[in-house]
Amino acid sequence: MFYREAGDFSTTYPQDSQTFPIRFDRYRYYVVLAVAFLVIPFIINDYWANAVFVPFLIYAIAAIGLNILTGYCGQVSLGTGAFMAVGAYAVYKLMTAFPDVSMLIHIPVAGLITAAVVTLFGLPSLRIKGFYLAVATLAAQFFLVWLFNKVPWFYNYSASGQISSPERTVFGIIITGPNTEAWAKYMICLVFVTICAIIARNLTRGAMGRKWMAIRDMDIAAEIIGVNPMKAKLTAFMVSGFFVGIAGALFFSVYLGAAEVGESFGIDKSFLVLFMVIIGGLGSIFGSFIGAAFMVLLPVLLKNVLVGWLGWPTDLAAHLQFIISGGLIIVFLIMEPHGLAQLWRVTKEKLRLWPFPH
């Protein structure tokens, strides 16, 4: 009754292979986009932008990137925080070296630079996998943080070692710097997350995505049926790096405004994005959004309820957040390895047959 496919059929192959072949899913997607683009920008304020919407959108891009690498291709990575730093420092150098070029060009170029760096660090995946690959990407995390700290050229020889985002405009609207309005921050992030989600959705449903999943399920069998493991793994690292680099560029230039690599892009950032993917669901673009929303909203909810209403100390609420996050990760890994996305899929299956029993 609530979710039906009866009478919803396709007469051509392009109709059957479109991103949302079911009409109900397609209309729901249009409604969400309409609310995101036409309603929220007019009612958003600084608190909701800085505490919820902007970090959610940026982390969703980073989670999509990591999900492509880990969830779809099966290559474990613990260097997401450092790879976001590559995007941040790349866009900073581009903004300062080419001040007349639009940010709509700087941010994708920063993503391309990050894609090249991530592909370089993905070369060990051709020989090692699993725990050993995780250790290799963890080494990349510490190496890149050390590099950005020790080479003054990356932060333009600043005495503080920090990088600060200069003011830049798009179509006359300020999107970076301290004078940026909340709706402008939200809109620039929304545009990029929409484009990235559409690209990722089509990639994972196409030939490249099938090769990634074949490598994930059994790389030897994939090679036997004609999949090139080197090409599949490196393209997964490259596409993942592109998305993570865009997330890092937006995180620094639009959200933070100023950053220091050790504090803003440390190992905790890598684990945070990994937790988003695990809780949201491995191998699911929709799960990346759910996981990002959960990990962004959880500390906001705990802070408002425990600190604002009950008067608990702030540090106690922060510790409780870690306890809840860790406990949920253990629960999902044991009881539902495919995360919240799988629960949503099961719910849709139930709604197809409601009110009749399954």
Under unit Cβ charges (Lys, Arg +1; Asp, Glu -1), what dipole magnitude, rounded to 20 debye, does the stretch 50-200 have relative to its Cα centre?
400 debye
On the first, second and third principal axes, largest extent first, how far apart are the outermost C-alpha atoms of the stretch 218-358 in Å?
60, 52, 26
Magnitude of the Cβ-charge dipole of the stretch 170-306, K/R +1 and D/E -1, about the Cα centre, nearest 20 debye?
400 debye
Membrane-span-like helices (DSSP H runs, Cα span along own axis at least 30 Å, mean Kyte-Doolittle at least 1.0) in the chain -> 182-205, 229-250, 314-335
Cα-based Rg (one decimal) and Dmax (whole number) for the stretch 144-219, in Å?
19.5, 51
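Step by step: find N for the stretch 292-351, compute 2.2 N^0.38 Å, then divide the Cα radius of gyration by it. What's the final number? Present the calculation step by step, with values, prior to reporting the outcome.
On the way: Rg = 14.4 Å, N = 60, 2.2 N^0.38 = 10.4 Å.
Here the Cα radius of gyration is 1.38 times the empirical estimate.
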Per the Kirkwood formula over distinct C-alpha pairs, the hydrodynamic radius of the stretch 44-266 in angstrom is 17.7 Å
Relative to the compact-globule estimate 2.2 N^0.38 Å (N residues), the Cα gyration radius of the stretch 184-224 stands at a ratio of 1.69
Have a look at Gly311, Phe131, Phe251 and report the one farthest towards the positive end of the charge dipole of the chain, computed about the Cα centre with Cβ charges (Lys/Arg +1, Asp/Glu -1).
Phe131
Result for the stretch 223-353: accessible area per residue, probe 1.4 angstrom, in square angstrom, of 47 Å²
Find the accessible area per residue for the stretch 121-193; the probe is 1.4 Å, ligands and nucleic acids are left out, and the unit is Å².
55 Å²
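Would you mind telling me the share, in percent, of accessible area of the chain contributed by carbon and sulfur at probe 1.4 angstrom? Don't skip to the end; give the middle numbers.
On the way: 12450 of 17840 Å².
With neighbouring chains kept in place, the figure for the chain is 70 percent.
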Please give the charge dipole size of the chain, origin at the Cα centre, charges +1 on K and R Cβ atoms and -1 on D and E Cβ atoms. Round to the nearest 20 debye.
720 debye
Accessible area (Å², 1.4 Å probe, nearest 10) - Phe121:
50 Å²
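The values are calculated or read from the model by the stated rules, or taken from the named source; none is laboratory data. On a predicted model such as this, the values are computed, not experimentally measured, just so you know. Ideal geometry is used to build each Cβ from the backbone, glycine not excepted, and the neighbour counts take in all protein chains shown. Areas reflect the complete protein model, heavy atoms only, side chains present, ligands, DNA and RNA absent. Shrake-Rupley method; radii C 1.70, N 1.55, O 1.52, S 1.80 Å.
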